[in-house]
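The values are calculated or read from the model by the stated rules, or taken from the named source; none is laboratory data. Owing to the predicted nature of the structure, the values given are computational and were not obtained by experimental measurement. All Cβ positions, glycine included, derive from the backbone under ideal geometry; neighbour counts span all protein chains shown. Please note that ligands, DNA and RNA were not included when accessible areas were found on the heavy atoms of the full protein model with its side chains. Shrake-Rupley method; radii C 1.70, N 1.55, O 1.52, S 1.80 Å.
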Amino acid sequence: MNKTASWFWFIAAGVAVFIIGGLHMAVIHLDGIAGIFNPAGGSSLAWENVSGRNGSLVFAVSYVILLGAALYHGLYGLYNIVSELGISEKANGLLKKALLAAGVALFTVGAYAAFAARFITVS
């Protein structure tokens, strides 16, 4: 991917983090406004509401999109900061591969957790 496309996706990921992260914060912390997402009523942090939201495919997909956008935005930003320090081409290539591997590993674990949480039941 060329620099222009990478920068575009960096900005798009930042916008996605801002929008989806803001919605996430509103649902979790503004019970009076976003209480419609609390199937059991009351606090949005009550286990019944948390497990109710976890059972929703929409919430699982939004968590995975938020995770992917945050990882891309953060790791690409870190790559740009470190690469501007004047490191060698070999170190730059190793950095790119290490950040890619870390991003894929973190995304895999996070996406698995988001979808596995859909099947946790209240006992």
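General remarks:
- Residue check for SER43: in contact with a helix residue (DSSP H, G or I) (Cβ under 7 Å, 6 or more places away or on another chain) and polar (S, T, N, Q): yes
- Within segment 79-98, tally of residues that are among the acidic types (Asp, Glu) and under 21 Å from PHE8 (Cα atoms): 1
- Criterion: open to solvent by 80 Å² or more (accessible area, probe 1.4 Å), touching a residue at least 40 places away in the same chain (Cβ under 8 Å) and either assigned to a helix (DSSP H, G or I) or within 26 Å of PHE119 (Cβ to Cβ) (or both) - qualifying residue of ILE65, ILE19, ILE81: ILE65
- Count of segment 1-10 residues which are open to solvent by 80 Å² or more (accessible area, probe 1.4 Å) and either under 21 Å from ARG53 (Cα atoms) or without any contact (Cβ under 8 Å) to a residue 12 or more places away in the chain (or both): 6
- Residues satisfying the stated conditions in segment 31-60, i.e. in contact (Cβ under 8 Å) with a residue 40 or more places away in the chain, open to solvent by 60 Å² or more (accessible area, probe 1.4 Å) and of a type in the set (A, V, I, L, M, F, W, C): TRP47, LEU57
- So TYR76, is it closer than 23 Å to ILE11 by Cα, at pLDDT below 95 and part of a helix (DSSP H, G or I): no
- Enumeration of residues in segment 65-123 that are of a type in the set (Ser, Thr, Tyr) and within 12 Å of the chain's Cα centre (by Cα): TYR72, THR108
- Of residues in segment 84-119 being farther than 28 Å from PHE59 by Cβ and basic (Lys, Arg), the one least open to solvent (accessible area, probe 1.4 Å): LYS96
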